[in-house]
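Participant: Please see the structure below; I have some questions.
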Amino acid sequence: MRRRVVITGMGCVTPMGADVEQVWSGLKEGQSGVGYTSIFDASGFPTKISAEVRDWDISDVGEDPEKWRLRGRHTKFAAGAAKRAVLDSGVLDSQVDPTRFGVYLGSGEGQQDFHLFTKMMTSALAGQEFDIALFTKAGIETLHPTIELEQEPNMPAGHLASMFDAQGPNANCLTACAASSQAIGEAAEIIRRGDADVMLSGGTHSMIHPFGVTGFNLLTALSTNNEHPTKASRPFDRDRDGFVLGEGAAMVVVEELEHAKRRGARIYGELQGYGSTADAFRITDTHPEGRGATRCIKLAIEDAGLNYDQIDYINAHGTSTSVNDKVETLAIKNVFGPAAYQTPVSSTKSMMGHLIAAAGATELIICLLAIRDRVLPPTINYENPDPECDLDYIPNVAREAKCDVALSNSFGFGGQNVSLIVGRFNG
């Protein structure tokens, strides 16, 4: 008998708000967190819109802003989401063994300082050719060592361990858009095999900066519907033209069932299944037949010990790109067969954009809330059906429905695929 794993705490910092209930309320109402980019001047970019975290500061969770001044934007998001999740779980009030309490994140790299990089490049190009010595000299003179250290993807996990005295396993993975889902799946595996009793897991990321937007624009992956920001993210819609870049963090407290029961914890749901595969195809394209995604979903269902007809709701990766939405739809059909047409699917990225490494954890929280309230969030901006995307995407309006088991898909650039299954806890 493998150890059972449950979720006992949740926290987030997102474009829809920094309170789980506030975010859930907005999603049920079909609100949008997309607007014009203000973090930097995006007026010269093909994409001028994004889903930013607005009106939030680390002081909102009782932290001293001066202590966090040199730490990355994504690290602050992680701390905010983690503090809410840990407080929500009550785990620190139960004399948890710190050596059995770990951290596993799917965190991206930190914000890059475009202006300092430009200064370094300008110095290096003073002559006829690029001078690496001048580039290095300018870097040593202008870059702050602590800020540069804070760019490393492992730093948020280290800071969270220090915040909560979590002396158990500590790791970070960066498997693109699947990162935080993979982190949660791997955290569950650590608990299942007995190496920890409690894991703080989730993800954090912010790529809303010139380098990030430039990269995605070069890949033609971002929507350029700048005239209508709240309409730009339109998963599965025929007129979709790319995803909207978001940012934020989401964290969950993952706990061994008996440990949670002994301390009388509130249990949001049970993490029943985890599947992970690679397309092994191309760096940016998913396999056209959805082979990696199909196998990933099947593995998660098998890991959960469920039949395909027991899945009540699918929170799709649903990025609003032409290829992803078509291939994910195909993968769902490959797995569920004719029953795919009776299985509700939605993409909450239609409302909050794509949080990249933090997306999967955010969407897992949404699945847990859908189970709790028996309400399925909508896919907004679904107006023009695509013949190749012909499932029930819960268009535009949330739906009350039976929801005891939910599947969350995260399919990342590079062919990284993760599916998680959470179910209602029944003792």
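The values are calculated or read from the model by the stated rules, or taken from the named source; none is laboratory data. Worth saying up front: this structure is predicted, and the values here are computed from it rather than measured. So basically every Cβ, Gly included, is an ideal-geometry build from the backbone, and we count neighbours across all protein chains shown. Ligands, DNA and RNA are excluded from the accessible area calculation, which covers all protein heavy atoms including side chains. Shrake-Rupley method; radii C 1.70, N 1.55, O 1.52, S 1.80 Å.
Participant: For Gly158, only one of the following conditions fails: (1) in contact (Cβ under 8 Å) with a residue 24 or more places away in the chain; (2) touching a strand residue (DSSP E or B) at 6+ places or on another chain (Cβ under 8 Å); (3) surrounded by fewer than 17 Cβ atoms within 10 Å (Cβ to Cβ). What is its number?
Facilitator: Evaluating Gly158 over (1) in contact (Cβ under 8 Å) with a residue 24 or more places away in the chain; (2) touching a strand residue (DSSP E or B) at 6+ places or on another chain (Cβ under 8 Å); (3) surrounded by fewer than 17 Cβ atoms within 10 Å (Cβ to Cβ) leaves (1) as the failure.
Participant: So, one more: Tell me, please, whether a residue that is touching a strand residue (DSSP E or B) at 6+ places or on another chain (Cβ under 6 Å), open to solvent by less than 10 Å² (accessible area, probe 1.4 Å) and closer than 30 Å to Asn384 by Cα can be found in region 251-271.
Facilitator: no
This table checks each residue for (1) closer than 18 Å to Lys298 by Cα; (2) hydrophobic (A, V, I, L, M, F, W, C); (3) surrounded by 24 or more Cβ atoms within 10 Å (Cβ to Cβ).
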position	(1), (2), (3)
Ala370	no, yes, yes
Asp373	no, no, no
Asp392	no, no, no
Pro395	no, no, no
Ser419	yes, no, yes
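Participant: Okay, next question. Out of the residues in region 267-294 meeting the condition of being among the aromatic types (Phe, Trp, Tyr) and within 29 Å of Val252 (Cβ to Cβ), tell me which one is nearest to the chain's Cα centre (by Cα).
Facilitator: Across region 267-294, the extreme among qualifying residues is Tyr274.
Participant: Being closer than 14 Å to Ala196 by Cβ and part of a helix (DSSP H, G or I) is the filter; apply it to region 89-107 and report the residue that is least open to solvent (accessible area, probe 1.4 Å).
Facilitator: Among those that are closer than 14 Å to Ala196 by Cβ and part of a helix (DSSP H, G or I), it is Val91.
Participant: Where the second residue is assigned to a helix (DSSP H, G or I) and of a type in the set (Lys, Arg) and the first is more than 12 Å from Leu420 (Cβ to Cβ) and lies in region 295-312, which pairs have Cβ atoms under 9 Å and are six or more apart or on separate chains?
Facilitator: Correct list of pairs: Tyr308/Lys298.
Participant: I've got another one for you. When region 297-313 is examined, which residues are found to be open to solvent by 30 Å² or more (accessible area, probe 1.4 Å) and closer than 23 Å to Gly415 by Cβ?
Facilitator: The answer is Lys298, Leu299, Glu302, Asp303.
Participant: A further question on this structure: Cβ-Cβ under 6 Å, sequence separation 6+ or interchain: first residue in region 315-339 and more than 17 Å from Val418 (Cβ to Cβ), partner assigned to a loop (DSSP other than H, G, I, E, B) and of a type in the set (Lys, Arg). Which pairs?
Facilitator: Ser320/Arg234; Ser320/Arg240
Participant: Can you pull out every residue in region 1-24 that is in a strand (DSSP E or B) and either charged (D, E, K, R) or under 19 Å from Ala183 (Cα atoms) (or both)?
Facilitator: Passing the criteria: Val5, Val6, Ile7, Thr8, Gly9, Met10, Gly11, Cys12, Val13, Thr14.
Participant: Here's another thing I want to ask about it. Give me the pairs: first residue in region 402-424 and at positive phi, second residue in a strand (DSSP E or B), beta-carbon distance under 9 Å, and six or more apart or on different chains, which are they?
Facilitator: What qualifies is Gly414/Ala278; Gly415/Thr277; Gly415/Ala278.
Participant: Can you find a residue that is touching a residue at least 60 places away in the same chain (Cβ under 8 Å), open to solvent by less than 10 Å² (accessible area, probe 1.4 Å) and part of a strand (DSSP E or B) anywhere in region 25-46?
Facilitator: No; the residues of region 25-46 include none that is touching a residue at least 60 places away in the same chain (Cβ under 8 Å), open to solvent by less than 10 Å² (accessible area, probe 1.4 Å) and part of a strand (DSSP E or B).
Participant: State which residue is modelled with the highest pLDDT when the search covers only region 108-134 and only residues that are of a type in the set (Phe, Trp, Tyr) and either surrounded by fewer than 16 Cβ atoms within 10 Å (Cβ to Cβ) or touching an Asp or Glu at 6+ places or on another chain (Cβ under 7 Å) (or both).
Facilitator: Phe130
Participant: Further question: Taking Lys67, is it open to solvent by 10 Å² or more (accessible area, probe 1.4 Å), of a type outside the set (Gly, Ala, Ser) and part of a helix (DSSP H, G or I)?
Facilitator: In short, no.
Participant: Residues being in a loop (DSSP other than H, G, I, E, B) and small (Gly, Ala, Ser): count how many of those fall in region 125-142.
Facilitator: The qualifying residues number 2.
Participant: Sticking with this structure for a sec: Kindly indicate whether any position in region 255-274 is over 30 Å from Gly168 (Cα atoms) and touching a residue at least 60 places away in the same chain (Cβ under 8 Å).
Facilitator: There is no residue in region 255-274 that is over 30 Å from Gly168 (Cα atoms) and touching a residue at least 60 places away in the same chain (Cβ under 8 Å).
Participant: Any chance region 60-71 includes a residue that's within 23 Å of the chain's Cα centre (by Cα) and among the acidic types (Asp, Glu)?
Facilitator: Among the residues of region 60-71, at least one is within 23 Å of the chain's Cα centre (by Cα) and among the acidic types (Asp, Glu), which makes the answer yes.
Participant: So in region 340-368, with the set limited to residues that are small (Gly, Ala, Ser) and free of Cβ contacts under 8 Å to residues at least 60 places away in the same chain, which one is surrounded by the most Cβ atoms within 10 Å (Cβ to Cβ)?
Facilitator: Ranking the qualifying residues of region 340-368, first place goes to Ser346.
Participant: From the residues in region 376-386 that are out of contact with any helix residue (DSSP H, G or I) (no Cβ under 6 Å at 6 or more places or on another chain) and either assigned to a strand (DSSP E or B) or without any contact (Cβ under 8 Å) to a residue 60 or more places away in the chain (or both), which one is most open to solvent (accessible area, probe 1.4 Å)?
Facilitator: Among residues in region 376-386 that are out of contact with any helix residue (DSSP H, G or I) (no Cβ under 6 Å at 6 or more places or on another chain) and either assigned to a strand (DSSP E or B) or without any contact (Cβ under 8 Å) to a residue 60 or more places away in the chain (or both), the one most open to solvent (accessible area, probe 1.4 Å) is Pro385.
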